[in-house]
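In what follows, a single structure is set out as structure tokens and then discussed.
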Amino acid sequence: MTAVNDLVRPDRYPRSAAYDPAWLLDLDMGPNPLWLLEDLARDLDPRPGARVLDLGSGMGATSVFLAREYGVRVVAADWWVGAERAAAVFAAAGVGDRVEAVHAEAHALPFADESFDAIVSIDAFEYFGTADGYLPYLLRFLRPGGQLAVATPAMTREVREMGAIPPHVKAVVGWEAIAWHTPAWCGSSGRSPNSSRSPPRGSRRTAGGTGCCGRAPARRRTRRSGRRTSGSSTCSPRTRARTSASHC
């Protein structure tokens, strides 16, 4: 079991170090979400007052972190954790006025197009976003010039190319890894079939897998039945490579 003190690393994660590790463990649903978010946020431009969707927010630690550290307004959307339960976490953390809890399924998000300045997903995207058509769907909720930031487990080669999950990966996570992708897939899957734009650069590999972070290009707003077509992906191969946990 990880010692509580091991969750405090001010040298590498100074913002996260200010949070009680016992509080974080009570909300734990996977790898340290604050470390992943703090690392990814170095490539973000979270401005005070911006509206941010925390997609797959779980028990809400990342939403609390976003509201406190960057002064943004957060919509915390999750399917597994009910809105009332998450709202109680936000109220106890003193950010209930800046974080809205929403119970939502990732493929039927109850938001209007161009609702958010940024969309963040920490250690959750692998459960709902690995279909080839999901990124174009998600990008419609970003405002022109908005950012998408994702931290998710990743492969260095596509499973479909290898023909099987590498045994050392399967031994740890089982069949779950069949849905994991590479950073290159992230870049190509986010482009609409009719788009000639290249995906913006800015994604990078963390110790836990792959994260991508980039700015959606400004677009001419074209309304068709309340929808607009997505312009491009915000993900591309990492610019600052680190060691991946999933070597293939």
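Miscellaneous remarks
Results for (1) under 30 Å from Ala18 (Cα atoms); (2) buried (at least 20 other Cβ atoms within 10 Å of the Cβ), shown as yes or no for each residue.
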{"residue": "Asp78", "(1), (2)": "yes, yes"}
{"residue": "Gly82", "(1), (2)": "yes, no"}
{"residue": "Val89", "(1), (2)": "yes, yes"}
{"residue": "Gly94", "(1), (2)": "yes, no"}
{"residue": "Ala101", "(1), (2)": "yes, yes"}
{"residue": "Tyr134", "(1), (2)": "no, no"}
{"residue": "Ala154", "(1), (2)": "yes, yes"}
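- Flag for Leu148 being buried (at least 23 other Cβ atoms within 10 Å of the Cβ), within 23 Å of Ala179 (Cβ to Cβ) and at pLDDT 95 or above: no
- Options Leu53, Leu66, Leu40: the member that is at pLDDT 95 or above, over 18 Å from Gly94 (Cβ atoms) and among the aliphatic types (A, V, I, L, M): Leu53
- Residue in segment 156-167 that is surrounded by the fewest Cβ atoms within 10 Å (Cβ to Cβ), counting only those that are closer than 27 Å to Leu40 by Cα and free of Cβ contacts under 8 Å to residues at least 40 places away in the same chain: Glu158
- Of the residues making up segment 20-40, at least one is in contact with a Leu (Cβ under 6 Å, 6 or more places away or on another chain) and not small (Gly, Ala, Ser).
- Verdict on Pro10 being more than 20 Å from Ala92 (Cα to Cα), in contact (Cβ under 8 Å) with a residue 40 or more places away in the chain, surrounded by fewer than 22 Cβ atoms within 10 Å (Cβ to Cβ) and not acidic (Asp, Glu): no
- Pairs are defined by a Cβ separation below 7 Å, a sequence spacing of at least 6 or placement on different chains, a first member in segment 105-120 that is among the aromatic types (Phe, Trp, Tyr), and a second member that is crowded, with 17+ Cβ neighbours inside 10 Å and assigned to a loop (DSSP other than H, G, I, E, B); the pairs so defined are Phe111/Phe141; Phe116/Phe141.
- Test result for Ser192, out of contact with any Ser or Thr (no Cβ under 8 Å at 6 or more places or on another chain), among the polar types (S, T, N, Q), part of a loop (DSSP other than H, G, I, E, B) and at pLDDT below 85: no
- When residues in segment 95-111 are screened for being of a type in the set (Gly, Ala, Ser) and more than 12 Å from Val75 (Cβ to Cβ), 3 of them pass.
- Of the helices (runs of 4 or more DSSP H) lying entirely inside segment 115-178, the ones with 1 or more residues being over 23 Å from Leu34 (Cα atoms) and basic (Lys, Arg) are found at 159-162, 167-173.
The values are calculated or read from the model by the stated rules, or taken from the named source; none is laboratory data. Keep in mind it's a predicted model, so treat the numbers as computed, not measured. Neighbour counts run over all protein chains shown; Cβ positions are idealised from the backbone, glycine included.
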